[in-house]
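These notes are about the structure you will find just below.
The values are calculated or read from the model by the stated rules, or taken from the named source; none is laboratory data. On a predicted model such as this, the values are computed, not experimentally measured, just so you know. FYI the Cβ positions are ideal-geometry reconstructions off the backbone, even for glycines, and counts take in every protein chain you see.
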Amino acid sequence: MSLEKARIEICNLTLDQYLQIKSLMDDAYPDLGGAWPRHTIESLIKEFPEGQLGILDDGELVGLALSVRVSYRRFANPHTYDDIVGPNDRIKSDSTGDALYGLDVVISKTHRGLRLGRRLYDARKELCRQYNLKAILAGGRIPQYHTHQQEMSPAEYIEKVDRNELYDPILSFQLSNDFQVKRLLKKYLPEDQDSVGYATLLEWNNILYEPTDTVLESRKSVVRVGSVQWQMRMVTSVDELLSQVEYFVDTVSDYKSDFIVFPEFFNAPLMGLEQHRGQTEAIRALAEFTPRFRDEMSRMAIEYNANIITGSMPLAEGETIYNVSYLCHRSGQVDQQKKIHITPHEKNDWVIAGGDHLQVFETDAGRVGILICYDVEFPELGRALAKEGLEILFVPFWTDTKNSYLRVRHCAQARAVENECYVVLAGSVGNLPQVDPLDVQYGQSAVLSPSDFAFPHDAILSEATPNTEMLLFSDLDMDKLKLLHSEGSVRNLQDRREDLYEVRFKNKDA
């Protein structure tokens, strides 16, 4: 798999993809008869189209998950494979069923290790919530049991896998995805010699449901963001700094964050790897690392299933240096936002130029924008983004003193109020006297909200401890924004006097 060209997305399977479905299943189940016949897949798609999920990489099917609706009372009790699959491979689906039954999950060998199976399981959970179903049930094989059958019973084997004393490629994965073993199923699939005919009855309970018309196109009602308050420290190599980045991405993803945001110029310590004749030469040397950081963080976005705002880094385009932030989608797509307003220090010492394009980005967890540090101090930019449906504004920043930090902080809070959106700040902390001009840092990352009854009284959802390396998490209720727009005690977006004034770009393409 080429990560440079990866474009990961979830789809609903169609019958036109049958040859790709067959190829995946034949490769996965050579000892169990390979793929379902065409008429079985056709029936599944016809009877429950949204339950048949696929993962595409640039249009190629690389994973799938098949499901049907069943009666919870019937299949939460002991049953066999033949109870769900009838003669002629006819899968018994109940359109009025109150539970989801998971059939096959297959990931191409070329795409294993990217946690795409977890993504399919998460899509199934969302499907269960949106159809208001009680649970997801599944009969799970235990394919490594045959190597232990002489020394332990299947129940003992399951218990050891649950305690991580043994590893089973199917059961271990299901347990890591919040499924619980309800009981042991005997003679579930007698021809499954690896499992010695046994299986586990697995269940995931649905404790939350928000109905929508369509599953894959639905918007998330609660979005989790993670902000990295980054400690500036000396490093000895690019790999060392990238390892720090991946540590934070891994940690934040453990909390199932939809977004992870890093500070402005978080990789500036790399300027200390060599001696430079001046700051202009140093920033150009730092820009040479930017393509690698962009590509590596895009890989992490896919692997850890989280959208990453890469803070900001210098980008060389010919002889011109820009300050750019990348939005690395977990689908593999990469967008960029250049800093538009350049500080006197950036302009005079680093000879950085300002960008000329502003954009709201569509993501799988809302419409977002990025204003890098100084840009948030210009209300016109936030207002232009709000007109395009902005929901979450990310502000990577880098400030050296408390008064410069508060300038960014207070302006960010104003953007949240006047544009009725959430604002997430991520800054760096600590001292780095070996690198000019990183002598001192002052920062306090925060997640800010509009100011109305539905939100905290001080319009602060969460904030970090100043000048301490740490992670900051917050859950953003997107439905509250919708209510605010239409039912708020004041309505900044609705009440703008566009008959008197407007914000517009002279260059319409911007």
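Residues Ala301, Ala282: which one is among the aliphatic types (A, V, I, L, M), at pLDDT 95 or above and crowded, with 18+ Cβ neighbours inside 10 Å? It would help to see each step written out before you state the result.
On the way: Ala282 fails: at pLDDT 95 or above.
Matching residue, one of Ala301, Ala282: Ala301.
Evaluate the following for Asp349: is it touching a helix residue (DSSP H, G or I) at 6+ places or on another chain (Cβ under 8 Å) and surrounded by fewer than 18 Cβ atoms within 10 Å (Cβ to Cβ)?
Details: touching a helix residue (DSSP H, G or I) at 6+ places or on another chain (Cβ under 8 Å): yes; surrounded by fewer than 18 Cβ atoms within 10 Å (Cβ to Cβ): yes.
So Asp349 passes the test.
Which pairs have Cβ atoms under 6 Å, sit 6 or more apart or on different chains, and link a residue in region 148-165 that is closer than 14 Å to Ser195 by Cβ and of a type in the set (A, V, I, L, M, F, W, C) to one that is part of a loop (DSSP other than H, G, I, E, B) and at pLDDT below 95?
Qualifying pairs under 6 Å: Val161/Asp168.
Can you work out which of the residues in region 234-255 that are touching a Pro at 6+ places or on another chain (Cβ under 9 Å) and free of Cβ contacts under 8 Å to residues at least 60 places away in the same chain is surrounded by the fewest Cβ atoms within 10 Å (Cβ to Cβ)?
Filtering region 234-255 for residues that are touching a Pro at 6+ places or on another chain (Cβ under 9 Å) and free of Cβ contacts under 8 Å to residues at least 60 places away in the same chain, the one surrounded by the fewest Cβ atoms within 10 Å (Cβ to Cβ) comes out as Val235.
Does Pro396 meet the test of being touching a residue at least 12 places away in the same chain (Cβ under 8 Å), surrounded by 24 or more Cβ atoms within 10 Å (Cβ to Cβ) and within 25 Å of Asn419 (Cβ to Cβ)?
Yes; evaluated as a whole, the condition is true for this residue.
With the requirement that a residue be surrounded by 15 or more Cβ atoms within 10 Å (Cβ to Cβ), of a type in the set (Val, Ile, Thr) and either in contact with a strand residue (DSSP E or B) (Cβ under 8 Å, 6 or more places away or on another chain) or free of Cβ contacts under 8 Å to residues at least 12 places away in the same chain (or both), what does region 429-479 give you?
Val429, Val447, Ile460
Residue pairs, Cβ under 7 Å, 6 or more apart or interchain, first in region 78-102 and in the same structural domain as Asp192 (by TED's automatic domain parsing), second modelled with pLDDT of 85 or more and acidic (Asp, Glu). List them.
Once the first residue is in the same structural domain as Asp192 (by TED's automatic domain parsing) and sits in region 78-102, its partners that are modelled with pLDDT of 85 or more and acidic (Asp, Glu) give Ser93/Glu47; Ser95/Glu47.
Any residue at all in region 412-431 that is part of a loop (DSSP other than H, G, I, E, B) and within 17 Å of Ser257 (Cβ to Cβ)?
For region 412-431, residues part of a loop (DSSP other than H, G, I, E, B) and within 17 Å of Ser257 (Cβ to Cβ): absent.
List the helices (runs of 4 or more DSSP H) that sit entirely inside region 1-94 and contain at least 1 residues that are of a type in the set (A, V, I, L, M) and closer than 22 Å to His111 by Cβ.
Correct list: 18-28, 38-47.
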